[in-house]
1. Would you say residue 70 is within 18 Å of residue 101 (Cβ to Cβ), touching a residue at least 60 places away in the same chain (Cβ under 8 Å) and in contact with a helix residue (DSSP H, G or I) (Cβ under 7 Å, 6 or more places away or on another chain)?
2. Taking region 84-133 only, how many residues are under 15 Å from residue 72 (Cβ atoms) and either among the aliphatic types (A, V, I, L, M) or part of a loop (DSSP other than H, G, I, E, B) (or both)?
3. From the list 11, 60, 23, which one is away from the ligand (no atom under 13 Å from the Cβ), at pLDDT 95 or above and part of a helix (DSSP H, G or I)?
4. Could you please find all residues in region 1-35 being farther than 14 Å from residue 68 by Cα, among the basic types (Lys, Arg) and within 13 Å of the chain's Cα centre (by Cα)?
5. Could you please give the count of residues in region 76-129 that are over 22 Å from residue 58 (Cβ atoms), among the β-branched types (Val, Ile, Thr) and out of contact with any strand residue (DSSP E or B) (no Cβ under 6 Å at 6 or more places or on another chain)?
6. Go through region 38-76 and give me each residue that's of a type in the set (S, T, N, Q) and farther than 22 Å from residue 132 by Cβ.
7. Let me confirm something: among 81, 72, which residue is within 14 Å of the ligand (Cβ to nearest atom), closer than 14 Å to residue 3 by Cβ, outside any helix (DSSP H, G or I) and within 14 Å of the chain's Cα centre (by Cα)?
Amino acid sequence: MEQTLSIIKPDAVERNLIQNIKDIFTKNNLKIKESKKIKISKDEAAEFYKVHQSKPFYNDLCTYLSSGPIVVMILEGENAVLANRKIMGATNPKDAEENTIRKLYGISIDKNSVHGSDSIDNAKKEIDFFFDL
Ligand code: CMP
């Protein structure tokens with residue numbers, strides 16, 4: 001069964017949306033295999049998001065992800081990577097389809113409530129980054 005990494009970002013944790021978001025995953029046949037609430041340093045965020053290091057938004061992105069508690073989860077299901085991306089919706093909540101997590105809860109392109117791996121390869125790397133299984 002395929003696995004992917006999901007992060008509930010500080011904006012959603014702060015608004016007590018953890019359970020609402022978890023319910024959306026499980027209702028859509030993604031099983032939450034592991035879940036932990038953590039706070040990471042800016043250096044850890046910079047390492048996690050290093051694929052974006054050349055982007056103009058990189059510094060703000062790292063500051064933001066390390067600004068408060070987050071929930072990191074391993075989701076498992078059929079085509080989990082793609083399924084999770086569909087459930088999350090477009091990166092910018094303004095462009096996200098109805099009933100996606102980012103449409104329901106996202107505030108802006110930065111505070112877009114969730115992160116999800118974008119490929120099977122990255123899912124493996126991102127799971128290894130947060131979980132020592
Ligand atoms: P995420 O899926 O976590 O991956 C990188 C994040 O960078 C993205 O969600 C957005 O929250 C953030 N971001 C900020 N500005 C942009 C942008 N112009 N394009 C893509 N991502 C952006």
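1. yes
2. Of the residues in that region, 9 qualify.
3. Matching residue, one of 11, 60, 23: 23.
4. Correct list: 22 only.
5. Summing the residues that are over 22 Å from residue 58 (Cβ atoms), among the β-branched types (Val, Ile, Thr) and out of contact with any strand residue (DSSP E or B) (no Cβ under 6 Å at 6 or more places or on another chain) in region 76-129 gives 3.
6. Hits for region 38-76 are 53, 54, 59, 63, 67.
7. Sole residue among the options that is within 14 Å of the ligand (Cβ to nearest atom), closer than 14 Å to residue 3 by Cβ, outside any helix (DSSP H, G or I) and within 14 Å of the chain's Cα centre (by Cα): 72.
The values are calculated or read from the model by the stated rules, or taken from the named source; none is laboratory data. The structure presented is a predicted model; accordingly, all values stated were derived computationally and were not measured. Cβ coordinates were reconstructed from backbone atoms using ideal geometry, including for glycine residues, and neighbour counts include every protein chain displayed.
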